[in-house]
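Chemist: Pasting in a structure now, in structure tokens, and then I'll have a few things to ask.
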Amino acid sequence: MNLSRLWAWRPEISEAFSGLRKLLLANSSLSARERAVLVCATAASVGDSYCALAWGTRLASESDPSTAAAVLRSRDDAPLEARERALAKWARKVACNPNATVTADVEDLRAVGFSDLEIFDATAFIAFRLAFAVVNDALGACPDRELAEAAPAAVRDAVTYGRNVSERRGA
């Protein structure tokens, strides 16, 4: 994977990121589908094609390809449950301008049933994914061809931003 080659410079940092991800999720009540919505909305907001393809594929398996594509296109009419729609909106806001969040945004999350702990977990997960994506994107990690080929067509078609898929195969 292109990411593996990039992170090979500091494998201990890669391991620490993996450990932090596990720690973030260890006691979180966010479902796999909710986490996928968070990452897809975050990746779309910052134009991260690598995470969009990887997590769009995950969201497609948790829902369906058209739902994943709608989230990756930042569509407000994506066929999501109320909690998921609120998470996508929150992720886009946090990713694009965290200083613009207001009490009403947090209240919107509470209104669909999120506890304060779940809101913290979602926000920490968004921040974690942003940090990971910044390293990958800034250092030029292109999505692997195999990753793109494994994604449903609707997901591939929705990812029109970020770096192009690597032309290298298995290299």
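Chemist: Evaluate the relative contact order of region 2-158 (contact order divided by residue number), counting alpha-carbon pairs under 8 angstrom at least 6 apart; express in whole percent.
Modeler: Relative contact order for region 2-158 comes out at 35 percent.
Chemist: Using only Cα atoms, find the angle between the long axis of helix 116-138 and the longest principal axis of the chain, and express it within 0 to 90 degrees, rounded to the nearest 10.
Modeler: Relative to the chain, helix 116-138 is tipped by roughly 20 degrees.
Chemist: A further question on this structure: Region 15-71 to region 127-162: how many Å between their Cα centroids?
Modeler: Each part's Cα centre sits 11 Å from the other's.
Chemist: Return one number: the angle in degrees, 0 to 90 and rounded to the nearest 10, between the long axis of the Cα atoms of helix 11-26 and the longest principal axis of the Cα atoms of the chain.
Modeler: Orientation of helix 11-26: about 30 degrees from the principal axis.
Chemist: Calculate log10 I(q)/I(0) of region 42-89 for q = 0.15, 0.26, 0.32, 0.33 Å⁻¹, where I(q) comes from the Debye formula with a single equal point scatterer on each Cα and nothing for solvent.
Modeler: -0.32, -0.98, -1.33, -1.36
Chemist: Let me ask something else. By the scheme Lys and Arg +1, Asp and Glu -1, what is the net charge of all other residues having a beta-carbon under 9 Å from that of Leu25? Mind showing how you got there, number by number?
Modeler: Working: positive: Arg21, Lys22, Arg35; negative: Asp121.
After counting each charged neighbour, the total is +2.
Chemist: If I fit a long axis through the Cα atoms of helix 49-62 and take the longest principal axis of the Cα atoms of the chain, what angle between them do I get, 0 to 90°, rounded to 10?
Modeler: Once rounded, the angle reads 60 degrees.
Chemist: Quick one: divide the alpha-carbon radius of gyration of the chain by 2.2 N^0.38 Å and tell me what you get.
Modeler: In units of the globular-protein estimate, the chain measures up at 1.00.
No lab work stands behind these numbers, since they all come straight from the coordinates. Note that this is a predicted model, so its numbers are computed, not measured. All Cβ positions, even for glycine, are placed from backbone atoms using ideal geometry, and neighbour counts span all protein chains on display.
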